[in-house]
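Take a look at the structure set out below.
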Amino acid sequence: MIHFDNVTKTYANQSRPALENVSLDVEKGEFVFLVGPSGSGKSTFLRLILREERPSDGRIYVAGKDLARLTNWKVPYLRRRIGCVFQDFRLLPNKSVYHNVAFALQVIGKPRRFIRKVVPEVIDLVGLEGKHDRMPDELSGGEQQRVAVARAFVNRPMILLADEPTGNIDPATSIGIMKVLDRINRTGTTVVMATHDAAIVDSMRKRVIELEYGKVVRDQSRGVYGQAY
Amino acid sequence: MRAQFVLQEVWTGLRRNLTMTIALVVVVAISLALLGTGLLFVKQVDNTRTYWQGKVQLSIYLCTTTSVSPQCHQNGPATQTEKNQIAADLRALPQVEKVYYESQAQAYQHFRQDFSRDPSFTNLVTRSEIPDSFQVKLRNAAADFNIVAGTVQGRPGVDQIVNDSSILAKFYKLLDGARNAVVIIAIVLIIAAVLLVANTIRLSAFNRRRETAIMRLVGASNFYVQLPFLVEGIITSRMSLRPASSSPAPR
């Protein structure tokens with residue numbers, strides 16, 4: 001599903017590469033934790049998958065596509081197959097829960113009938129039954145993140161990227177979010193989650209990829225967060 | 001493509017930016033209207049100039065029985081021989097293109113026509129009070145006036161010599177001034193309008209930055225991301241075009 005072949009990314013004006021000679025595979029339906037200290041290259045890794053950045057060297061394949069050969073106007077179609085969740089939710093404050101989720105489908109031109117059918121299903125899936133008409137500022141942090149997950153998943157992407165989705169949420173609520181992500185993973189969606197949350201990584205027992213100074217220093221299935229931090 | 005959704009987004013965008021949109025519409029409308037007025041003015045001034053250029057450029061008024069100037073008093077009204085002599089001398093000058101005689105009857109007729117709206121005035125003036133004249137068309141009005149005027153100046157029978165272009169010069173100056181003022185104001189306003197347009201787009205982009213970021217993230221095509229800006233721009237410019245094109249203009 002995601003294939004990195006000897007990928008190096010060096011940002012302009014920086015001598016040390018953000019990612020260096022990274023080669024790895026993520027299979028369809030896998031759940032992967034991406035761990036490592038700040039600045040270790042986790043976000044760069046996710047941005048490369050989204051093709052927000054291009055690698056300085058090496059090749060990246062996402063969903064069978066060679067990103068280097070993808071023309072700019074085709075990038076939106078790649079992103080329709082990738083859902084994204086962030087630490088800061090990124091909801092539209094002037095739209096209700098329902099419209100925040102529907103927005104993701106409206107802007108890619110889905111028919112209204114389809115939206116009316118799919119959006120309530122996804123809102124139920126993330127556990128926000130009966131809160132369709134709430135505005136984001138009426139929701140708790142955990143609930144807002146559920147809306148963000150619903151928005152990321154509503155188009156049934158093949159890959160869900162999560163960049164520290166529990167970073168702004170207390171541990172108890174985080175477990176709820178992880179359950180939602182796990183549920184999404186069970187539908188066959190590949191989930192890649194960058195995180196600093198050791199308790200979550202340890203409790204989930206999924207594949208763990210650890211980055212340090214842009215290099216993969218550990219890649220184990222059913223791993224834990226590690227001792228160093 | 002879902003038109004209703006796009007229009008809704010545009011509507012929210014315009015409403016959120018309402019003051020800026022109004023300012024933009026007003027400034028663009030005024031500057032376009034002024035520019036149009038200026039261009040029409042330029043055309044009109046040129047037209048006026050060529051119109052008057054083709055007209056008589058020198059009028060030599062002759063003494064009549066009622067003339068009051070001292071030289072007419074001295075010599076009495078112009079006799080037919082004097083008139084013939086003047087006409088012949090004028091025609092002999094190389095600077096003169098054409099000379100024709102306007103009799104008192106013709107002059108009176110013109111006078112009545114020119115002041116036809118004011119019969120109380122035309123009734124006061126009798127035919128004998130309107131002088132006859134030679135209307136001289138020069139080849140080059142500005143350069144040759146003094147030469148031509150000098151040959152007949154002070155002759156018996158000649159009352160006054162009037163240079164039409166000296167009367168028109170003031171008029172031209174006024175027209176040119178008005179035209180320049182209109183064009184300068186229009187240019188200043190257009191610069192302001194361009195800056196305002198740039199600012200409005202920037203503000204609109206800033207207002208929509210969340211929407212735009214999410215649209216890109218969920219894979220909206222570039223066209224879809226740019227469409228609301230495009231439609232907003234079209235609506236605003238249409239709104240300014242209407243008052244600009246229907247505003248009163250000369251002609």
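General observations
- Some residue of segment B:155-163 being assigned to a loop (DSSP other than H, G, I, E, B), away from chain A (no Cβ under 14 Å) and of a type in the set (K, R): yes
Listed here are the residues, each with its yes/no results for (1) of a type in the set (S, T, N, Q); (2) within 14 Å of another protein chain (Cβ to nearest Cβ); (3) part of a strand (DSSP E or B).
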site	(1), (2), (3)
A:G58	no, no, yes
A:K74	no, yes, no
A:Y77	no, yes, no
A:F89	no, yes, no
A:P93	no, yes, no
A:F103	no, yes, no
A:R116	no, yes, no
A:V119	no, yes, no
A:I123	no, no, no
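- When restricted to residues that are out of contact with any helix residue (DSSP H, G or I) (no Cβ under 7 Å at 6 or more places or on another chain) and surrounded by 20 or more Cβ atoms within 10 Å (Cβ to Cβ), segment A:8-19 contains 1.
- Every residue from segment B:196-222 that is closer than 21 Å to A:A102 by Cβ, more than 9 Å from chain A (Cβ to nearest Cβ) and out of contact with any helix residue (DSSP H, G or I) (no Cβ under 9 Å at 6 or more places or on another chain): B:R209
- Test: residue in segment B:212-222 that is in contact with a Gly (Cβ under 6 Å, 6 or more places away or on another chain) and either under 25 Å from A:A150 (Cβ atoms) or modelled with pLDDT under 85 (or both): no
- Total residues in segment A:140-173 satisfying the condition of being under 11 Å from the mean Cα position of the chain (by Cα), in a helix (DSSP H, G or I) and not aromatic (F, W, Y): the figure is 3.
- Residues of segment A:20-36 that are surrounded by 14 or more Cβ atoms within 10 Å (Cβ to Cβ) and within 25 Å of A:D202 (Cα to Cα): A:V22, A:L24, A:V26, A:G29, A:E30, A:F31, A:V32, A:F33, A:L34, A:V35, A:G36.
- Exclusive hit being in contact with a Lys or Arg (Cβ under 8 Å, 6 or more places away or on another chain) and modelled with pLDDT under 95, set A:G176, A:G141: A:G176
- Leading residue by the ranking (nearest to the other protein chains (Cβ to nearest Cβ)) among those in segment A:105-114 that are part of a helix (DSSP H, G or I) and surrounded by 16 or more Cβ atoms within 10 Å (Cβ to Cβ): A:Q106
- Single match in B:T50, B:T81, B:T21 (criterion: assigned to a helix (DSSP H, G or I), under 30 Å from the mean Cα position of the chain (by Cα) and either within 26 Å of B:N140 (Cβ to Cβ) or among the hydroxyl-bearing types (S, T, Y) (or both)): B:T50
- Residues satisfying the stated conditions in segment A:1-52, i.e. touching a residue at least 60 places away in the same chain (Cβ under 8 Å), in a helix (DSSP H, G or I) and aliphatic (A, V, I, L, M): A:L46, A:I49
Yes or no, residue by residue, for (1) within 23 Å of B:V148 (Cα to Cα); (2) surrounded by fewer than 11 Cβ atoms within 10 Å (Cβ to Cβ); (3) assigned by TED's automatic domain parsing to the domain that holds B:R155:
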| site | (1), (2), (3) |
| --- | --- |
| B:E82 | yes, no, yes |
| B:L93 | yes, no, yes |
| B:K98 | yes, no, yes |
| B:Q109 | no, no, yes |
| B:Q113 | no, yes, yes |
| B:L124 | no, yes, yes |
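- Number of the condition not met by B:T236 [criteria: (1) within 14 Å of another protein chain (Cβ to nearest Cβ); (2) in contact with a helix residue (DSSP H, G or I) (Cβ under 6 Å, 6 or more places away or on another chain)]: (1)
The values are calculated or read from the model by the stated rules, or taken from the named source; none is laboratory data. Since the structure is predicted, the reported quantities are computational estimates derived from the model, not experimental observations. So basically every Cβ, Gly included, is an ideal-geometry build from the backbone, and we count neighbours across all protein chains shown.
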